Amino acid sequence: MGFVVVRGTGERIPVGKIIAAGQNYADHTKEMGAAPSKAPILFLKPATAIVHEGDPIVFPRAGDLLHHEVELGIVVSKNCKDVPAIEAADCMLGYVLALDLTLRDVQAAAKEKGHPWSVAKGFDCSCPISDVAPLGDPSALTDMEIGLSVDGETRQSGSTADMIWSPAELLSFASGIFTLERGDVVLTGTPAGVGPLERGSVVEAWLGSDLTLRFDVV
């Protein structure tokens, strides 16, 4: 089973599920050629998608076009259901920097046929993740620099201030559909600039002032 590690204590917390939000930045929605949605778009990734820094991203066999998407993730602190957005911070253990890796060719074929995205989004190593940083002031989550580079070239650069739905609103919305459990991860979407990774690529990402990731693609 996948897990997250709490920074400072080393505590390992099992992850039951990863709930990811699609098209939560207007610029990314535009680059994907999609129409704005009236409600958050959610999909699931299995906990086995998680890979930690120090291990490589293994290029999946299921497709050929692997894309990076850098994201802020929220780790759930306790079991909860139907949480009002104003109380969402009470259910947040902390936050992580994560990548929602996507097989874009597989996703495009699935969209064309009206099929699910499970293969395109849920393969092994599709969720590289940092250690969990303490929550601190929850309002800081809505104004953090976020970005990603490949082989030293910046591909994605944005701010969580550009989210359509805030982390609190996404957690609240998700909890109205799924019972959230301690250790679950809620990914909050990606800014524009998504693009391909190749075998041999070096991926680096950053969030706020102190969370970074570095992975080799093999």
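Laboratory data are not the source of any read-out in this text; all were calculated from the coordinates shown. Keep in mind the model is a prediction, meaning the values are calculated, not measured. Please note: Cβ atoms are built from the backbone with ideal geometry, for glycine as well, and neighbour counts cover all protein chains shown.
In terms of the mean number of neighbouring beta-carbon atoms within 10 Å, the peptides 195-206, 100-111 order highest first as 100-111, 195-206. Here the translational diffusion coefficient of the range 37-87 follows from Stokes-Einstein with Rh set to the Kirkwood radius across Cα pairs; for 10 °C and 1.306 mPa s it amounts to 105 µm²/s. Near K78, once Lys and Arg are set to +1 and Asp and Glu to -1 for all other residues with Cβ below 13 Å from its Cβ, the sum equals -2.
Translational diffusion of the chain was estimated from the Stokes-Einstein equation, with Rh taken as the Kirkwood radius over Cα pairs; at 20 °C and 1.002 mPa s the coefficient is 126 µm²/s. If the Kirkwood radius is taken over C-alpha pairs of the range 123-214, then at 25 °C and 0.890 mPa s the Stokes-Einstein diffusion coefficient equals 165 µm²/s.
Using C-alpha pairs under 8 Å with a sequence gap of at least 6, the mean separation divided by the residue count of the range 1-119 gives a relative contact order of 21 percent. Compactness of the range 1-91 was expressed as the Cα radius of gyration divided by 2.2 N^0.38 Å, which yields 1.30. So for the pair T154, M1, with labels modelled 7 Å out along Cα→Cβ, what separation do we get in nm? Computed distance between label sites T154 and M1 equals 4.0 nm.
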